[in-house]
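Working notes for the structure below.
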Amino acid sequence: GEQLWDKNSVQKNQDGLIRILSKFVPISTTEITQDILYTMDVNCTDQSFRDVAVGANEFNEFENKNSEWKDPNGDKLILGVIYQVCAFAN
């Protein structure tokens, strides 16, 4: 699949964190595998991320209030988004 992000959604916070809207599009779409919408925070300093909210039909459908920072752990789709967002925002 692929991970897309909306450059018009980029919000840079005072603490340097970046919030974006992102969408995962699976290779094939069925009732079980469908597009997933994410509101993500990106930390460019340590190349980490957290999913603030997720949705299937609209952004922020399900908020993740206790979202923890995660290492992309080699995930090429997430690493690609982090690199692109950080380059775009800076």
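Being under 18 Å from Lys70 (Cβ atoms), among the β-branched types (Val, Ile, Thr), part of a strand (DSSP E or B) and over 8 Å from the mean Cα position of the chain (by Cα) is the filter here, so list the residues in the stretch 11-53 that pass it.
The answer is Ile18, Ile36, Val52.
Within the stretch 13-22, can you find the residues that are at pLDDT 95 or above and open to solvent by 70 Å² or more (accessible area, probe 1.4 Å)?
Hit for the stretch 13-22 is Arg19, nothing else.
Taking the stretch 1-10, which residues are of a type outside the set (A, V, I, L, M) and in a loop (DSSP other than H, G, I, E, B)?
Within the stretch 1-10, Gly1, Asp6 meet the criteria.
Identify, from the list Thr39, Thr30, the residue that is polar (S, T, N, Q) and at pLDDT below 90.
Thr30
Filter the stretch 52-76 for residues that are open to solvent by 70 Å² or more (accessible area, probe 1.4 Å) and on the phi > 0 side of the Ramachandran plot and give the result.
Asn60, Asn73
Of (1) in contact (Cβ under 8 Å) with a residue 60 or more places away in the chain; (2) within 21 Å of Asn90 (Cα to Cα); (3) open to solvent by 70 Å² or more (accessible area, probe 1.4 Å); (4) not β-branched (Val, Ile, Thr), Glu2 satisfies all except one. Which?
For Glu2, the exception is condition (2).
Which ones in the stretch 24-50 are open to solvent by less than 60 Å² (accessible area, probe 1.4 Å), out of contact with any Ser or Thr (no Cβ under 6 Å at 6 or more places or on another chain) and closer than 19 Å to Gln11 by Cα?
Leu37, Thr39, Asp41, Val42, Asn43, Cys44, Ser48, Phe49
The values are calculated or read from the model by the stated rules, or taken from the named source; none is laboratory data. If you're wondering where the values come from, they're calculated on a predicted model, not measured in any experiment. No Cβ is skipped: glycine too gets one built from the backbone with ideal geometry, and neighbour counts run over all protein chains shown. In case anyone asks, the SASA skips ligands and DNA or RNA and just uses the protein heavy atoms, side chains included. Shrake-Rupley method; radii C 1.70, N 1.55, O 1.52, S 1.80 Å.
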